[in-house]
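These notes concern the structure reproduced below.
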Amino acid sequence: MAQHQLRSALVVVVVAAAPWAGCTSSNPAAIGPDARVDAGGRSDRGPFSFTDSASIGPARDGGRDARGGVDAAPAPASCTDHLKNGTETDVDCGGGCSTKCDAGQGCAGNGDCASARCNRAKRCAPTCGGLNLEITDAWAERWDGTERGLATWAAAHQACAALGGRLPTATELFRVSAPQSGGVGESDRTNPLWALNPSGPGAQITVRLSDGVAGTAPVGETRHYRCICPDSLVRAFDQEACHGPPDAPCAALPTEGGRNHVDKADRATLPLAAALWECTYYRAHLPQALTLIEAARSGVERSEANANSAWLLTADSVNYQGSVVLKWSGSGASWSPISGSNLSWSYFYTPRPFRCVGPGYAAGTHPATVANEFVGPRSSYKGETVDSANAAWHLAHTTCWQRGGHLPRTAELAELVQEGLPGGTNAWNWTSDQTGYVASGPQFLASILRWTGTAPSFPYAHPDVLTWAWKTDPNHAHRCIYYPIDQGYAGPQQCLGGCFAATLPGTSGAKLWFDQFDRSAATFNESVATCLAAHGHLPSARDLVEGIRAGLPNGNGLATGWLRTADFGVGEATDRYDRTIVVKWSGTGGDSYKDQYPTDMTWAPTDAAHLYRCMWTNELR
């Protein structure tokens, strides 16, 4: 009977109506069956949802089914019924079953696992053995206790894989180095060791355990190495993937219901290409500048000894050769941008520490089928395998929107290329990153990117694969990106003047929500704080371009009507690095809006007061 009562309770959750306060455009059928929504618009059942209510079964009442008949006795639990029931720790394994659970399946103790190892997250660890003088670090990862001999990267990689293990990532080597935890490294261990991270074509990252310093080496040369037996199969950016204290390595961001996690500690100091790769490896992403600023202002701390001097990488391209970097020390709750002091830019190739950001649950990929779609082995992004025809920058936005996706940011497209995105034609592809203005030209510039064939060791470097182009240039191809959807997020509870909901075409249910009216003029910092308090974001320039072209109402179009965005641009500027894009439009925008300077957009320093709107999305970006 308990099983029948559970089914009844589940049906109640499915049929309960969700509140939709404050929004003027809604589609309850697409919102999903939330029973309750918190202040951030997140349902009480978290990020997961029932997608097939019929599988739950008909509602029961007092032992009688919906047709008035008497219930049959429930079938006894079995280790072969393809259900998780009885004493099982996962489907038909563990507990009282003779079948042991495989890596990644649930467990209560070591005896439930084929590997005889149940990790801290109560998941079975992969089967792995044969380490040299095995030692275990504070994160429960097992290591070679001594270095292995000189080998090429491929030979080292193969040797570790033969054990059921792998080479460690750069941050795994960094965190056990002598100055960090010292769990594996000692001050006299000065040999650079192979890491799993590529640093560009034909080169890999190396890390010394004596000081945690990273370098690079050609893959054909020989280096020492250590193998690692990982404690988990990374399926989401949770405690098994975040970098930070072993007992609590993740911090939750407050935006859109707290679905995203951020590292609590800085990762190894790496060039952008290697950092981008590592975040993807852990089912996360290298954050945009705004995301890292939101983390700081949410109280995420930097306790590193060099926090006052060490700039953190972001994925926000600001010219043809670099991206935004920023820093804070201790709690960043009062962080406010000061050009050159805590906000600047850095060359893509300059090694910097970084943090990763990603959803704290297995989000899957974009739920709708995409023409010529590509899904990589670890990234949650979905891309396209074929270039679209050359088009103007604003029309590339429209093409992607009409397909149910977006024009990707530079780092997003590069992430897909590193994941093996095929069919690179060496043609420059538009991205949505606006990179500033130069006095010699008529227009603002956007970042463009190219690759040939497949390029899993994409170098992220100017001028070979990255540069910029005038936004008026019609001669560039593009590919679109598609994000996973948080089916448990029903939108904001309240927007200024009501919510404008822009639903992307197609069946994915992807939505953006915007304030219908402008908020009072404020600095960048004040704007970010207000939107963050509403569990949303200051929109990117791409968000507003898409919203305006989709009919975002009440644009005032006045000379004083510029709206702040979160996109930084530097161009060739040397006086200050804190300018963000501002936009304006009249009425409800529409297809006539082209985001062109000087009519539709320009830039402004962060300390200048500008109107703004907040936005929210159910996309996991």
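Between a residue in segment 494-505 that is in contact (Cβ under 8 Å) with a residue 12 or more places away in the chain and any residue that is β-branched (Val, Ile, Thr), which pairs come within a Cβ distance under 6 Å, given they are 6 or more apart or on different chains?
Sorted first by the residue in segment 494-505, then by its partner, the pairs are Gly498/Thr24.
Anything in segment 132-156 that is open to solvent by 50 Å² or more (accessible area, probe 1.4 Å) and part of a helix (DSSP H, G or I)? List them, or say none.
Correct list: Ala154 only.
Which of the residues belonging to segment 454-479 are in contact with a helix residue (DSSP H, G or I) (Cβ under 7 Å, 6 or more places away or on another chain), assigned to a loop (DSSP other than H, G, I, E, B) and either free of Cβ contacts under 8 Å to residues at least 60 places away in the same chain or closer than 20 Å to Tyr593 by Cα (or both)?
Selection gives Lys471 alone.
How about segment 130-158: which of its residues are more than 18 Å from Ser177 (Cβ to Cβ) and β-branched (Val, Ile, Thr)?
Residue satisfying the conditions is Thr152 alone.
Check segment 226-241 and report whether any residue there is farther than 24 Å from Ala121 by Cα, open to solvent by less than 20 Å² (accessible area, probe 1.4 Å) and in contact (Cβ under 8 Å) with a residue 24 or more places away in the chain.
There is at least one residue in segment 226-241 that is farther than 24 Å from Ala121 by Cα, open to solvent by less than 20 Å² (accessible area, probe 1.4 Å) and in contact (Cβ under 8 Å) with a residue 24 or more places away in the chain.
From Ala541, Ala566, Ala609, which residue is open to solvent by 30 Å² or more (accessible area, probe 1.4 Å) and on the phi < 0 side of the Ramachandran plot?
Ala609 is the lone residue from the list that is open to solvent by 30 Å² or more (accessible area, probe 1.4 Å) and on the phi < 0 side of the Ramachandran plot.
Does segment 589-610 hold any residues that are touching an Asp or Glu at 6+ places or on another chain (Cβ under 7 Å) and not in a strand (DSSP E or B), and which are they?
Tyr593, Lys594, Thr606
For segment 357-381, which residues satisfy the criterion of being buried (at least 23 other Cβ atoms within 10 Å of the Cβ) and over 27 Å from Leu312 (Cα atoms)?
Result: His366, single match.
Filter segment 286-314 for residues that are of a type in the set (Asp, Glu) and either in contact with a Phe, Trp or Tyr (Cβ under 6 Å, 6 or more places away or on another chain) or outside any helix (DSSP H, G or I) (or both); which is least open to solvent (accessible area, probe 1.4 Å)?
Taking the candidates together, the pick is Glu304.
Output the residue which, of all residues in segment 323-351 that are among the β-branched types (Val, Ile, Thr) and under 23 Å from the mean Cα position of the chain (by Cα), is surrounded by the most Cβ atoms within 10 Å (Cβ to Cβ).
Going through the qualifying residues, I end up with Val324.
Given the options Pro126, Pro168, name the one that is touching a Lys or Arg at 6+ places or on another chain (Cβ under 9 Å), at pLDDT below 95 and either over 21 Å from Val234 (Cβ atoms) or not in a helix (DSSP H, G or I) (or both).
Matching residue, one of Pro126, Pro168: Pro126.
Quick check on this structure: which one of Leu407, Leu421, Leu413 is under 22 Å from Asp464 (Cα atoms) and within 15 Å of the chain's Cα centre (by Cα)?
Leu413 is the lone residue from the list that is under 22 Å from Asp464 (Cα atoms) and within 15 Å of the chain's Cα centre (by Cα).
Give me the pairs, please: first residue somewhere in segment 599-621 and farther than 19 Å from Gly557 by Cβ, second residue anywhere and among the hydroxyl-bearing types (Ser, Thr, Tyr) and open to solvent by less than 10 Å² (accessible area, probe 1.4 Å), beta-carbon distance under 7 Å, and either six or more positions apart or on two chains.
So the pair list comes out as Thr606/Thr580; Asn618/Tyr489; Glu619/Tyr483; Leu620/Tyr483; Arg621/Tyr483.
Answer yes or no: is there a residue in segment 249-260 that is at positive phi and part of a loop (DSSP other than H, G, I, E, B).
Yes, segment 249-260 contains at least one residue that is at positive phi and part of a loop (DSSP other than H, G, I, E, B).
Cβ contacts < 6 Å: first residue touching a residue at least 12 places away in the same chain (Cβ under 8 Å) and closer than 22 Å to Leu544 by Cα, restricted to segment 423-443; second residue among the β-branched types (Val, Ile, Thr) and open to solvent by 10 Å² or more (accessible area, probe 1.4 Å), any location; separation 6+ or different chain. Result?
Gln443/Thr472
Check Thr314, Thr369, Thr399 and return the single one that is closer than 22 Å to Pro605 by Cβ and β-branched (Val, Ile, Thr).
Thr314
Out of segment 461-491, which residues are of a type in the set (S, T, N, Q) and closer than 30 Å to Glu256 by Cα?
Selection gives Gln487 alone.
The values are calculated or read from the model by the stated rules, or taken from the named source; none is laboratory data. In this text, all values refer to a predicted model and were calculated from it rather than measured experimentally. Every residue, glycine as well, gets a Cβ built from its backbone with ideal geometry; the counts of neighbours run over all protein chains shown. All accessible areas refer to the heavy atoms of the entire protein, side chains included, with ligands and DNA or RNA removed. Shrake-Rupley method; radii C 1.70, N 1.55, O 1.52, S 1.80 Å.
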